[in-house]
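Asker: Take a look at the following structure, please.
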Amino acid sequence: MPNSERVALTLTEAIVGTQVWNGATGECRTMPDADYEATKNAAVAILELVARAIDWPRLVAEAEWRHHKLHRDRGEVVTNYGGWEPTTLDLCGECLHEALLSHGYEGHTQDWVAEPKVARRAGAIDWPTIVAQMVNHRSPEYRERLAAKTRELHDAAATGPGQ
């Protein structure tokens, strides 16, 4: 399953919980299909927002640095972490995963030797409930800007690159 679909389904289930589906018709028995699909589309929007926010060169550099310190310097060969693997010797799925979760400040990388696993800061919080409560603080102006940006992204996707 493509990562985008896995993320969308994981976020959707975190938001609405596990649903029951009719095996014969494929329809959701525990909530309206349209609501489920709207939630899944919102999850895709979250993924797209996160993907735009990631500093990809920094992510790859962090992953390469971690991989070098933890695997190559020690002569380790990492194979099949989570299935698919990058084709370079300087990256593996584990290092990309940890690099994505690393935190710190501008211009500095995590000390991968001292702390090879990034501290998980969110734990098991019920983030959908918190988000639902906090969305009330959005201003009408922000909602208008978000709607305009959504239209802009939709229009750009419809015309395709370079058109």
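Asker: Working only within the stretch 113-163, note down all residues that are hydroxyl-bearing (Ser, Thr, Tyr) and either loosely packed, with under 10 Cβ neighbours inside 10 Å or not in a helix (DSSP H, G or I) (or both).
Answerer: Of the residues in the stretch 113-163, the ones hydroxyl-bearing (Ser, Thr, Tyr) are 129, 139, 142, 150, 159.
Residues satisfying the conditions are SER139, THR159.
Asker: Residues being within 21 Å of ASP111 (Cβ to Cβ) and either surrounded by 12 or more Cβ atoms within 10 Å (Cβ to Cβ) or touching a Phe, Trp or Tyr at 6+ places or on another chain (Cβ under 8 Å) (or both): count how many of those fall in the stretch 37-72. Give the derivation first.
Answerer: Pass one, the stretch 37-72, residues within 21 Å of ASP111 (Cβ to Cβ): 55, 57-72.
When the remaining residues are screened for being either surrounded by 12 or more Cβ atoms within 10 Å (Cβ to Cβ) or touching a Phe, Trp or Tyr at 6+ places or on another chain (Cβ under 8 Å) (or both), the result is 58-72.
Within the stretch 37-72, residues that are within 21 Å of ASP111 (Cβ to Cβ) and either surrounded by 12 or more Cβ atoms within 10 Å (Cβ to Cβ) or touching a Phe, Trp or Tyr at 6+ places or on another chain (Cβ under 8 Å) (or both) number 15.
Asker: May I ask you to list pairs of residues, at least six apart or on different chains, whose Cβ atoms are under 7 Å apart, with the first in the stretch 10-36 being in a helix (DSSP H, G or I) and the second being of a type in the set (Val, Ile, Thr)?
Answerer: Close Cβ pairs satisfying both conditions: LEU11/ILE46; THR12/THR39; ILE15/THR39; VAL16/THR39; TYR36/VAL16.
Asker: To continue, here is another question. Quick one: is ALA99 in contact with a Lys or Arg (Cβ under 7 Å, 6 or more places away or on another chain) and closer than 23 Å to LEU11 by Cβ? Steps first, please.
Answerer: Details: in contact with a Lys or Arg (Cβ under 7 Å, 6 or more places away or on another chain): yes; closer than 23 Å to LEU11 by Cβ: yes.
For ALA99, the condition - in contact with a Lys or Arg (Cβ under 7 Å, 6 or more places away or on another chain) and closer than 23 Å to LEU11 by Cβ - is met.
Asker: Just checking, does the stretch 2-14 include any residue being hydroxyl-bearing (Ser, Thr, Tyr), more than 25 Å from GLN110 (Cβ to Cβ) and surrounded by 14 or more Cβ atoms within 10 Å (Cβ to Cβ)?
Answerer: Looking through the stretch 2-14, at least one residue is hydroxyl-bearing (Ser, Thr, Tyr), more than 25 Å from GLN110 (Cβ to Cβ) and surrounded by 14 or more Cβ atoms within 10 Å (Cβ to Cβ).
Asker: Turning to a different aspect of this structure: Which residues, counting only those in the stretch 125-152, are without any contact (Cβ under 8 Å) to a residue 12 or more places away in the chain and of a type in the set (A, V, I, L, M, F, W, C)?
Answerer: ILE125, ILE130, VAL131, ALA132, MET134, VAL135, LEU146, ALA147, ALA148
Asker: Taking the stretch 41-74, which residues are part of a helix (DSSP H, G or I) and either β-branched (Val, Ile, Thr) or under 16 Å from LEU9 (Cβ atoms) (or both)? So that I can check it myself, show each step before the final result.
Answerer: Within the stretch 41-74, the first condition is being part of a helix (DSSP H, G or I), and the residues that meet it are 41-53, 56-72.
ASN41, ALA42, ALA43, VAL44, ALA45, ILE46, LEU47, GLU48, VAL50, VAL60 - these are the residues of the stretch 41-74 that are part of a helix (DSSP H, G or I) and either β-branched (Val, Ile, Thr) or under 16 Å from LEU9 (Cβ atoms) (or both).
Asker: Looking at GLU48, is it assigned by TED's automatic domain parsing to the domain that holds GLY17 and either in contact with a strand residue (DSSP E or B) (Cβ under 6 Å, 6 or more places away or on another chain) or modelled with pLDDT of 85 or more (or both)?
Answerer: Details: assigned by TED's automatic domain parsing to the domain that holds GLY17: yes; either in contact with a strand residue (DSSP E or B) (Cβ under 6 Å, 6 or more places away or on another chain) or modelled with pLDDT of 85 or more (or both): yes.
It is true that GLU48 is assigned by TED's automatic domain parsing to the domain that holds GLY17 and either in contact with a strand residue (DSSP E or B) (Cβ under 6 Å, 6 or more places away or on another chain) or modelled with pLDDT of 85 or more (or both).
Asker: From the list ARG58, ARG74, which residue is at pLDDT below 85 and either hydrophobic (A, V, I, L, M, F, W, C) or on the phi < 0 side of the Ramachandran plot (or both)? Give the derivation first.
Answerer: On the way: ARG58 fails: at pLDDT below 85.
Just a single option satisfies the conditions, and that option is ARG74.
Asker: Looking only at the stretch 144-151, decide whether some residue is within 30 Å of LEU96 (Cβ to Cβ) and either in contact with a helix residue (DSSP H, G or I) (Cβ under 9 Å, 6 or more places away or on another chain) or not charged (D, E, K, R) (or both).
Answerer: Restricting attention to the stretch 144-151, the residues satisfying the condition of being within 30 Å of LEU96 (Cβ to Cβ) are 146, 149-150.
Right, trim to either in contact with a helix residue (DSSP H, G or I) (Cβ under 9 Å, 6 or more places away or on another chain) or not charged (D, E, K, R) (or both) and you get 146, 150.
Looking through the stretch 144-151, at least one residue is within 30 Å of LEU96 (Cβ to Cβ) and either in contact with a helix residue (DSSP H, G or I) (Cβ under 9 Å, 6 or more places away or on another chain) or not charged (D, E, K, R) (or both).
The values are calculated or read from the model by the stated rules, or taken from the named source; none is laboratory data. Treat the numbers as computed from the prediction; the structure is a model and nothing was measured. In this analysis, Cβ positions are derived from the backbone assuming ideal geometry, glycine residues included, and neighbour counts consider all displayed protein chains.
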